[in-house]
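Asker: Here it is: the structure, laid out below.
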Amino acid sequence: LTMAFNKGPCYGLSAEVKNKIAQKYDLQKEEELRIWIKDVTGQTIGPDFQKELKSGVILCELINKLAPDSVKKINKSSLNWHQLENLTNFIKAITSYGLKPHDIFEANDLFENGNMTQVQTTLLALASMAKTKGCQSQVDIGVKYAEKQERMFDEEKMRAGQCVIGLQMGTNKCASQAGMNAYGTRRHLYDPKSQVQAPMDSTTISLQMGTNKGASQAGMTAPGTRRAIYDQKLGTDKCDNTTMSLQMGSAQGANQSGQNFGLGRQIFDAKYCQSADYQDEGYQGYQEEEQVYQEDGTDY
């Protein structure tokens, strides 16, 4: 009794991923694998590559030729579970043969024709491993893996290697401090375009660091000297270097007379107040107390 595995079509992202994987399938590699399998096992594979390998019989015979007695029992029945058992035994055998897990397909990839690209990748990796182990064939398929070269160093050599810094940190080869002056020595600036003498020694550097040519402190007052403010419109002409323009603002006409620190101050508006001679009661009381103290001769 045969049981078929029915699977619906893929849509959306699943279909897009499946199509991209299918596009990586190489028909030329398939023909090379067909010749290689025939050369190793002696069995001819028909035009339908997936259908011929689906039962797992040819694959089990292939691994038995490369590594004898890898698969003890090969089921030649047409039942699905027997064929899946053959594929499972083949996967276990090639894992023991030395293939990496990421190179091995799953049973459903071949049995349900789900991912023939991965099946092709597994067979190419198997051919490469067989070539590495000395199996010769008529077709040159696969690549020979590099052999592991282990190095054994004694403890003294290992300790000496800790003092060596690799070129990942850079190199100081050809570095030189010749011509450098002492740290902190003054270095002059020069401009090749201006009428300045050429540098006489290594203490002179170019204008990449800027220039102080034309800089002067003439007319500058001592730090902290008072500087007056003048306004050209008001006729307050500048008399000396201690006077500066109104860019800094002006305190002209400012007066603190009549100000009472800490006391309330009334705001006068001609629209709402009858007279501007109004004074705060608190300020009047303050003046009366001040007059009484002055008459008594009391100093507070």
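Rule-based calculations on the coordinates, nothing more; no lab input. Every value quoted in this text rests on a predicted model; they were computed, and no experiment measured them.
Asker: Apply the Karplus parameterisation 6.51 cos²θ - 1.76 cosθ + 1.60, with θ equal to phi minus 60°, to every residue of the stretch 49-54 and state each ³J(HN,Hα) to the nearest whole Hz, in sequence, with x for glycine and proline.
Answerer: Coupling constants for the stretch 49-54: 5, 5, 5, 6, 9, 4 Hz.
Asker: Could I ask something else about it? For the stretch 29-132, taking Cα atoms only, what is the radius of gyration to one decimal and the Dmax to the nearest whole Å?
Answerer: 12.3, 36
Asker: Along the stretch 87-103, what does the Karplus equation 6.51 cos²θ - 1.76 cosθ + 1.60 (θ = phi - 60°) give for ³J(HN,Hα), rounded to whole Hz, x for Gly and Pro?
Answerer: 5, 5, 5, 5, 5, 5, 5, 6, 5, 5, 6, x, 6, 7, x, 6, 9
Asker: Ok, one more. Using θ = phi - 60° and the Karplus curve 6.51 cos²θ - 1.76 cosθ + 1.60, what whole-Hz ³J(HN,Hα) does each residue of the stretch 23-33 get, with Gly and Pro shown as x?
Answerer: Working through the residues one at a time gives 5, 7, 6, 10, 5, 5, 5, 4, 5, 5, 5 Hz.
Asker: Work out how much length LYS20 to SER176 would gain on full extension: take 0.36 nm times their residue separation and subtract the Cα-Cα distance, in nm to one decimal. Can you show the working numbers first?
Answerer: Working: separation 156, 0.36 × 156 = 56.16 nm, distance 5.74 nm.
Here the answer is 50.4 nm.
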